[in-house]
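Take a look at the structure below.
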Amino acid sequence: MVVDDEPQLIRVLRTGLKSRGYDVRGASDGEIGLETFSEWHPDLVITDLAMPNVDGLEFCRRLRAISQVPIIVLSAKGEEKTKVEALDIGADDFVTKPFGIDELLARVRASLRRANAPPISDETQVILDVGDFHVNLESREVKVRGREVHLTPKEFDLLIYFIKHSEKVLTHRTLLAAIWGSNYVEQNEYLRVFVGNLRKKIEPDATPRYIVTEPWIGYRFDPGS
Amino acid sequence: MPLRVLNLRWAGYVGAVGGTAFITAVLAPFQDRVNSTTVALAFLLVVLFVALFWGSRPALLASVLGMFCFNFFFLPPLYTLTVSHGENWVALIVFFTTALAVGQLSAHAKQRAEEAESRKREVESLYAQLQAAFDRESEAEAIKRSERLKSALLDAVTHDLRTPLTAIKASITTLIDEAREQTAESQPVELDAESRFDMLEVIDQESDRLNRFITDLIDLARIEAGELRLRLRWGAVDEIISTALSRAKSLTTNHHVKIAAEKELPVVRVDANAVSEVVYTLIDNAAKYSPPGSSIIIYARRGPDGMVTMAVEDEGTGIDRDMRERVFDKFFRATRDGDVATHQPSGTGMGLAIAKGIVEAHEGKIWIESGRNGKGARVVFTLPIGDDDGANHGQELLNHE
C-alpha cells in the first residue's frame, strides 16, 4: 500500500511496483490509509510524512498499534527530525526524495525479507547464524567470517541487538534505550564510542560494511551474505 | 574639583576646624559688643553646615571646638577655660547639647537622604539593565522569528520543487529499468504500453508543474521587487473572463461554471493578460477547494468611484475569517497550514500572492468574503476603469521604460 497526498506519486509507484509483480493500492492520507489497511491487509506499507488530516507520523503510530507490517517512510532532506520520530515510533526504513525506483525496490525487498524471516526468539535459540556472523549466546563466542572476535559485554549486547534487527534502520535513541536503558537516550557519544570499538573488531576495512552509518539518524546492520 | 575636595574624608574635619576658626576670628574683635546668644548661634550654624556636608563625626568635632572657642574667647573670664557665672555654665551646656543634637540630627537626615538617593539610583540602574536585557531579548527573538520564517519559506519552496521531481525521477527510473530489462539481475519488469504511456504522461505533467512553479516564483520576485510592468490597453471585461475560462477549462470539467456579469460593462484600461491571470488563479483555487459537481460563479459589475468589481465564488468549505488576510501571504496554504479537509493537491501558496500583486499594481483591492448564504468563499477584486490621460499608476510605470 502506498500512502501519499500526491496523486501523481501514487500513480508512478503503483505502475513501478506493479511492473515488478507487486499488487498495489493507494491512499491519499493517513486516515484513508488505515481504512484501506484494515480491509486489505497489505504485506508492506510505504508512506509519505507530510500529509493533510492524519499525517505520516500519526499514521505510523496508529498502524503500529494494530500491526507489525513493515513500514517504509518517504521523506525529504530537511525532514530529518520527523523521519527520526517515525523510525522511533516503529517505521522500519526510509527512502529520501527524490529516489530512483531501484532504491525503493531494494528497500521493499529488504523489509519483506526481514518480515518473512523466522523470528529469532531469545529463550530457545543458543546459536545465532546470520550472514557472516556466528554467535553462541551461552558461551558468548562471536565469529565473523570464521574468525573469532573478543567483545566486551556491552559490545556483545550491541552486536546481538544489531543482528536481531538486521537491515532495519535503528535510530540512536532506539539503540541507546535497548542497550543502556531509557535514561541514556540522549547520550549519543556512548553509542559513537562503542560502535567505533565494535567496528574495529568486526569490520575488515576502514569503510564499514556491516554497521553502516545513516547520517543524523542512526545505524543499519547488514550481516553480509 | 571643589566638589571632590568636599567629598574627601578629612575635608569634614578641616571644615569643622576652619568654620569654627572663621567664626571665632570674625566675632572675637567684637567680643565686648556681641552677646553670647549671637555667638552661640553662629557656632551652631557651623555645626549645622558641617553636619549637612560631612556627617556626624566632623559635626561632633565642630561642636566640641565650638564649645571651647565659645568658652575661651567669649565667656568671661576671657582667654581661660574656666567659667565664672552659673548662667554661663548653663549657656555653655545648652550650647553643647544643642550643637550635638543639631549635628547628629542633621547628619542623620543627610545620611537618610543620601541612602534614598543611592537606592533610587540603584533602582534606576537595575531598571536600565532590565530594559537593555529585554531589548536584547526581543531583538534576538525577532531575529530568531525571521530565521524561522526564512527556513519555513525554504521548506515550502524545496517541497514544491522536490515533489514533482520525485514523481519524474521515479517514472524515469521505472522506464530505464524496463529498457535494460534483459541485463537486470533481480525481479523481472513487466511494463505494458499503457503503463509506459502513463509514466511519460506523469513526466510531462510534472515538468509542466515544475515550470509553472518556477514561473510563479519569478513573478512573485518581480512583484516584490516592484518590477511588475503592466501593459495597459483598453479591453472588455467579458473578454478577460472568457480568456481565463478557456485556459482553466481542463480544471473545471467537474464543476458548473456560471458567469453573472452586468450587461453594460465599461471597457477598462488594464493589462488584460495579467488580469486574466488573476481570474484564472481564482478559478483554479475555486475548483481545487470545492467538491466536484458544485458551482463556480464569476461576477463582474460596475462599482462606485470609477471602479469595476469582479469576483469568483465557490461552494467549498470557505475560508475562516482569521485566515482571510493570511491566504494572500506568499507560501501560505490554507490546506496544509489551516487543515481544510480536502483530498485535492494543495497549491504552491503563490497564486493569491501574485493575484494580489497584480491587482494592487492596478491600484485595485482584493479580499475574501463568504459566498451566498455564508457558504463557500468569494474572492473579490476591484480595478479602476482608467482613462486616456494615463492617470493610472501602471501607466506611469510604463512611461518610465
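Anything in segment B:195-229 that is of a type in the set (Gly, Ala, Ser) and closer than 25 Å to B:Glu363 by Cβ? List them, or say none. Spell out the reasoning first.
Going residue by residue through segment B:195-229, those that are of a type in the set (Gly, Ala, Ser) are B:195, B:207, B:221, B:225-226.
Selection gives B:Ala221, B:Ala225, B:Gly226.
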* Asked: Only one residue in B:Val34, B:Val26, B:Val17, B:Val46 is in the same structural domain as B:Ala101 (by TED's automatic domain parsing) and outside any helix (DSSP H, G or I). Which one?
  -> B:Val34
* Can you name the number of the only condition in (1) free of Cβ contacts under 8 Å to residues at least 12 places away in the same chain; (2) within 14 Å of another protein chain (Cβ to nearest Cβ); (3) surrounded by 12 or more Cβ atoms within 10 Å (Cβ to Cβ) that B:Thr215 fails? -> (2)
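Given the structure, is B:Ser63 within 13 Å of B:Ala99 (Cα to Cα) and at pLDDT below 85?
Values: within 13 Å of B:Ala99 (Cα to Cα): yes; at pLDDT below 85: no.
Criteria not met by B:Ser63.
Given the condition within 14 Å of chain B (Cβ to nearest Cβ) and in a helix (DSSP H, G or I), answer yes or no: does some residue in segment A:85-95 qualify? Spell out how you get there, then give the answer.
Filtering segment A:85-95 down to residues within 14 Å of chain B (Cβ to nearest Cβ) leaves A:94-95.
Adding the requirement that they be in a helix (DSSP H, G or I) leaves none.
No.
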* Qualifying residues in segment B:281-308 (those that are crowded, with 21+ Cβ neighbours inside 10 Å and under 36 Å from the mean Cα position of the chain (by Cα)) - the one modelled with the lowest pLDDT -> B:Tyr289
* What pairs come up if the first residue lies in segment B:91-118 and is in the same structural domain as B:Leu75 (by TED's automatic domain parsing) and within 20 Å of B:Ala40 (Cβ to Cβ), the second is of a type in the set (D, E, K, R) and modelled with pLDDT of 85 or more, and their beta carbons are under 9 Å apart, counting only those six or more places apart or on different chains? -> B:Ala107/B:Arg57
* Structure fact -> Subset of segment B:155-167, residues modelled with pLDDT of 75 or more, under 31 Å from the mean Cα position of the chain (by Cα) and at the interface with chain A (Cβ under 8 Å from one of its Cβ atoms), comes to B:Thr158, B:His159
* To do: May I ask you to verify whether A:Glu35 is surrounded by fewer than 17 Cβ atoms within 10 Å (Cβ to Cβ), more than 9 Å from chain B (Cβ to nearest Cβ) and among the charged types (D, E, K, R)?
  => yes
* **Single unsatisfied condition, A:Asp157 versus (1) among the acidic types (Asp, Glu); (2) part of a helix (DSSP H, G or I); (3) surrounded by fewer than 15 Cβ atoms within 10 Å (Cβ to Cβ)** => (3)
* Looking only at segment A:1-31, and only at residues there that are in contact (Cβ under 8 Å) with a residue 60 or more places away in the chain and part of a loop (DSSP other than H, G, I, E, B), the one that is surrounded by the most Cβ atoms within 10 Å (Cβ to Cβ) -> A:Asp4
* In segment A:61-84, the residues that are more than 14 Å from chain B (Cβ to nearest Cβ), modelled with pLDDT of 90 or more and touching a strand residue (DSSP E or B) at 6+ places or on another chain (Cβ under 6 Å) -> A:Val69, A:Ile71
* When you go through A:Leu63, A:Leu57, A:Leu34 one by one, which is the residue that is farther than 30 Å from B:Leu175 by Cβ, in contact with a Lys or Arg (Cβ under 7 Å, 6 or more places away or on another chain) and part of a helix (DSSP H, G or I)? -> A:Leu34
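The values are calculated or read from the model by the stated rules, or taken from the named source; none is laboratory data. Computed from a predicted model, the values in this text were never measured in an experiment. Here the Cβ is made from the backbone with ideal geometry for all residues, glycine too, and neighbour counts use every protein chain on show.
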